[in-house]
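Novice: My structure is below; once you've seen it, I'll send some questions.
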Amino acid sequence: MFEFLFKRQGDKSGNGRGAQTDAPSRSAKAAAAPGDPDGKSKEGAPAGTAGARPPSPVREQQAQQLKMLDGDESRAVDFILGCEFSELRLSAAELVHSRAALERVHTAMRNLDRRVAKLMQSRLDAIRHHDAELARGQATLEQARALLADAHLTPNQVADLDRKWAVIAAPELTDAFTPVRAELGARLEAQVQLQRAMIDRLGALRRLETAGLNAADMAGSLEGMLAEQAAALAAPEHASLPRALVAEFASEHARLSAMLATLEQSQAALAAREAALAEWQAQPVAELSAETLRKSWQKLPPLPEGAAASELQSRFDALLASLPQPVHKSARSPAPAAASSDAAAADAHAARPPKATKGADQSFLDNMDALEAALQQGSLAHAAELDKALKETKSKGIRLTGPQADRLAHLRAELKRLSDWARWGGNVSREELIKTVEGLPTQNLAMAELAKKVGSMRERWKALDSLSGAAPKSLWERFDHACTVAYAPAAAHFKHLADERHANAAKGEAIVAEAQAEIARLESGEADWKHVAGTVQRLRLAWSHLGAIDRKDKKRLDQLFGAALTTLQGPLEEQRKMEVAGREELIDEVLAIDPHDRHAVDHLRDIQARWQEHARALPLERKAEQALWQRFRAACDDLFARRKETAHALDAERRAHEAAKEAISARLEAAAPEATAASAGKLLREAAAEWHAIGPVPRAHEARVEKRYHEAVAKVQHHADLSRRAAGLALAGALRDKLRAVQELEDSLAQPDQPVSSADWRARWAALLAAGPEYDPVLDARFEAALNALDTDRAGYARLLEANRPTLLGELLRQEVAAGIDSGAEFARDRLKLQVEALQSTLKAGNKPAGRHTALHALCALPALVDERTALRIDQLLMRTAREGK
């Protein structure tokens, strides 16, 4: 009945476990697998024979071929295509990585081996994903290079570039993208520096006006700032400078430059008056004359407004006040201040320009100047108008001076000469126009362009009449005849267009009549919505292709067709809204499908079939139909993408789990040689916690990963056991040495004639190794008791040692029985008795035997005399206990 326990992997029996490894015919579906017309399973076994397997030599031969692949991808592909065993194919598939080989294996294994096909598909998806990321990265890199070459670089463009690059996984392009991005950053930094310098320069320019600089310093500052501005405008990133700031700088610099001339004049006037005032103050008062000083002061350049000018004027007034005042004979003579005011008024009056008091007025002179300017510019029409205005003004009784009359006569002579030349030139121009119009029929121009040409020629003829005077009648008749002949083809063309407009109006009437007939069928309830939609679309298309119609008919027909189309579209739009709602529900159904559901694809196909039914029942507007279809298609694509991403993510997650578990196994393997009894437990607990926290690995690698982990755990435990045993043996040796030492001391005490030195024994005891915290206190107490007995009651202690000998032998025998150590033939009867007692004690309820350590502890604590045989038996017990690690 336990025969199944002895079944092996290679057994051919159908009832064994090994038959389930490679026999794929587990169901009727596997028996009728695609691509097997003979009804054979994927492994070559006939359908219905679940336990049948190919002969073992074939499998061994192919397994040997697998070992000889040596990582050769092409040989691995050939092996997969010719192999009959799925696990061997899967092992060889681990060597396939190139796109061509993956596609070849996937095509061949798609309907034969699902695991190999899935592995190939996942690697192909990874390659396609990497290629897509690489393409996106290349496009982003090209965009970065284009931005680098763009003169008008903005921070928004670089920020958008950084956002695109952040979501791209293309490490191959990092070395190419990094320097380009660094150059873009440098350009942006240069732009920032340039703009900041521009703002600072404009602020410094504005502060020059209130800085209180002299003309030379201000001129130097303006020149330096202008040079800096020119350098900024010539910089590579000058396009980033705000135009408003550039224009404001230019206007402010121009204003300050204009103000600089005024400042120079003001400073020159202040300097001149300062020099004159200093010179007068240096002369003796008796040599100065107030009247002379006033006249000289008034002749100097005028003072500007400000504190400096007021100070100079105050100093000059003080100088005048310090001069002796002359005594005037006449009481009516004005005071000096009044005389100074009169002199200033006289100077001001002399400085005013004289007004014309003879000849023509200013308006007449302005017209003469305008007439002269018009003649210089060759504007005869304007000159004639000005001459007419001068004649009208002169007729009002204005008398001209001699120079004015000569100038006016000269201007009118020039006007007559130019007019004669213009009349002659106008006739020449008219002859040219006639020749041009007569040559129009030979140029094969379009009708619209021909009409435009003839119209422009007539406009140019009218312009010549206004500029050069009226043309002779003969020239006009020739020109009019040439225009009529040239325009004749255009006139015929336009008449043909008029006839077409009438025909189009008749077509429009027919379209309106058809629309009204469709309205009648719709109101009777006999119309089909699909037919109505097609009719509306056809009528609308026909109306759009109708062509030109006369304006008077166009408005009426547009109103009739619009009203009919509105009547047809009202119910149609309502029906289409219902149809749109139905399509929206289908899209929502697609979005609600769980990509992890195994029936998701079948559900999606059902929804797609319903979508086709809706599309055939009532077509929507093309724009709406396209929008809904794009949304529906995007939802379907998103579902498939999510399914693929889920599968890809699961595969990647399983591979990550595999790597994590392999890392745990590697860590255990590396830590195994150094594992001790103390560290092994913690190491294994942590490794087990991490191992169970990690998810599943690929099924193809699960057995291998588990096997390696268990082997690593076993290796750690083995080294820990070795360490524990080594430590136990060391402690047992130390315990044996201490126990032997105390036994020798007790044996020495039992012999009265043998001398014992406490100092020697204490030195010997201190040199021994520690036996552990469990036994050191017991042995130390036993040793101290023996030494104390040496000084107090040696004979009594010897009697105690002799009395404890039977107890020690009995306890030793009991522990040998418990440890399974042979005690010798002489103790066979006593051993049997102890074994029976031990069995009876274990059968009693609640009576449990004492631990090994407790019994050994009592044996070590008991002072008794031992012979060599007994000491050897105790050493054997200690070593057995140390080896068992108990």
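No lab work stands behind these numbers, since they all come straight from the coordinates. If you're wondering where the values come from, they're calculated on a predicted model, not measured in any experiment. No Cβ is skipped: glycine too gets one built from the backbone with ideal geometry, and neighbour counts run over all protein chains shown.
Novice: If segment 720-884 were replaced by its equivalent ellipsoid, with semi-axes equal to the square roots of 5 times the Cα gyration tensor eigenvalues, what would those be, largest first, whole Å?
Specialist: 29, 21, 14
Novice: For segment 112-158, with the dipole built from +1 on Lys and Arg beta-carbon atoms and -1 on Asp and Glu ones, taken about the Cα centre, which of 158, 132, 112 lies farthest toward the positive end?
Specialist: After comparing all options, I get 112.
Novice: Which FRET efficiency value, to the nearest 0.05, do you get for residue 553 and residue 670 by plugging their Cβ-Cβ distance into 1/(1 + (r/R0)^6) with R0 = 60 Å?
Specialist: Details: r = 97 Å, r/R0 = 1.61.
Efficiency at R0 = 60 Å is approximately 0.05.
Novice: Along the three principal axes, how long is segment 512-575 when you take its alpha carbons, biggest first, rounded to the nearest angstrom?
Specialist: Principal extents (Cα only, largest first): 36, 18, 18 Å.
Novice: Among 313-319, 735-741, 715-721, how do they line up from the highest to the lowest mean number of other beta-carbon atoms within 10 Å?
Specialist: Sorting 313-319, 735-741, 715-721 by mean packing, highest first, produces 735-741, 715-721, 313-319.
Novice: Let me ask you something else. On full extension of the chain, what length is gained from residue 413 through residue 243, given 0.36 nm per residue of separation minus the C-alpha to C-alpha distance? Don't skip to the answer; put the middle values down first.
Specialist: Numbers: separation 170, 0.36 × 170 = 61.20 nm, distance 5.26 nm.
Roughly 55.9 nm would be gained on extension.
Novice: Once R0 is set to 45 Å, what does the formula 1/(1 + (r/R0)^6) return for the Cβ-Cβ distance between residue 98 and residue 606, expressed as a FRET efficiency to the nearest 0.05? List each step's numbers first, then the result.
Specialist: Values: r = 39 Å, r/R0 = 0.88.
Plugging the Cβ-Cβ distance into 1/(1 + (r/R0)^6) gives 0.70.
Novice: Can I ask one more? Given Cβ point charges of +1 (Lys, Arg) and -1 (Asp, Glu) and nothing else, what value in debye, to the nearest 20, does the dipole of segment 732-842 about its Cα centre take?
Specialist: Magnitude of the dipole: close to 180 debye.
Novice: Expressed in nm to one decimal, what extension gain is obtained for the pair residue 831 and residue 794 from 0.36 nm per residue of sequence separation less their Cα-Cα distance?
Specialist: Working: separation 37, 0.36 × 37 = 13.32 nm, distance 3.44 nm.
Between residue 831 and residue 794, full extension yields 9.9 nm more.
Novice: How many nm is it between the label spots at residue 692 and residue 821, if each spot is 7 Å from the Cα in line with the beta carbon?
Specialist: Spacing of the two 7 Å Cα→Cβ label points: 3.9 nm.
Novice: Quick one: if the Förster radius is 25 Å, what FRET efficiency do residue 521 and residue 563 give, using the C-beta to C-beta distance and rounding to 0.05? Display every interim value, and only then the final one.
Specialist: Values: r = 17 Å, r/R0 = 0.68.
Once the sixth-power term is evaluated, E becomes 0.90.
Novice: Right, here's the next one. So if I take the centroid of the Cα atoms in segment 224-287 and the same for segment 550-588, what is the distance between those two points in Å?
Specialist: Their Cα centres are 74 Å away from one another.
Novice: On to the next question. Tell me, in nm to one decimal, what length is gained between residue 219 and residue 431 on full extension, where the rule is 0.36 nm per residue of separation less the Cα-Cα distance? Walk me through the numbers on the way to the answer.
Specialist: Details: separation 212, 0.36 × 212 = 76.32 nm, distance 6.28 nm.
Stretched out fully, the residue 219 to residue 431 stretch lengthens by 70.0 nm.
Novice: Compute and list, largest first, the equivalent-ellipsoid semi-axes of segment 81-176 from the alpha carbon gyration tensor, each √(5λ) rounded to a whole angstrom. Each step should come with its number before you reach the end.
Specialist: Numbers: eigenvalues 368, 20, 17 Å².
After scaling each eigenvalue by five and taking roots: 43, 10, 9 Å.
Novice: Okay, moving on. Per q in 0.12, 0.20, 0.24, 0.25 Å⁻¹, report the Debye log10 I(q)/I(0) for segment 538-636, using one uniform scatterer on each alpha carbon and no solvent.
Specialist: Summing over Cα pairs of segment 538-636 leads to -0.56, -0.99, -1.23, -1.29.
Novice: How big is the dipole moment of segment 521-670 about its Cα centre under a simple scheme where the beta carbon of each Lys and Arg is +1, that of each Asp and Glu is -1, and everything else is neutral? Debye, nearest 20, please. Don't skip to the end; give the middle numbers.
Specialist: Details: 27 positive and 28 negative charges, 178 e Å.
Dipole magnitude for segment 521-670 comes out near 860 debye.
Novice: Considering every pair of different Cα atoms, what Kirkwood radius, in Å, is found for segment 168-290?
Specialist: One decimal place: 18.7 Å for the Kirkwood radius.
Novice: If I model a spin label as a point 7 Å beyond the Cα along the Cα-Cβ vector, how far apart are those points for residue 506 and residue 637 in nm?
Specialist: About 5.1 nm separates the two model spin labels.
Novice: Just round it to a whole percent: the fraction of Cα-Cα distances in segment 435-561 exceeding 21 Å.
Specialist: Working: 4848 of 8001 pairs.
The answer is 61 percent, as a whole percent.
Novice: Taking the Kirkwood radius as the inverse of the mean 1/r across Cα pairs, report the Rg/Rh of segment 584-649.
Specialist: Details: Rg = 12.7 Å, Rh = 12.5 Å.
Answer for segment 584-649: 1.02.
Novice: Just to be sure I understand: if I project the alpha-carbon convex hull of segment 664-713 onto a plane and average over all orientations, what area do I get in nm²? Intermediate values should be presented prior to the final figure.
Specialist: Working: hull surface 13.3 nm².
Spelled out: convex hull of the Cα atoms, projected over all directions, averaged, 3.3 nm².
Novice: Simple spin-label model, 7 Å along Cα-to-Cβ: residue 591 to residue 146 in nm?
Specialist: The modelled label-to-label distance comes out at 3.3 nm.
Novice: Enumerate the residues in segment 750-767 having an amide nitrogen under 19 Å from the point lying 7 Å beyond the Cα of residue 871 toward its Cβ.
Specialist: In segment 750-767, the label zone of residue 871 (backbone N under 19 Å from the point 7 Å along Cα→Cβ) covers 750-758, 760-767.
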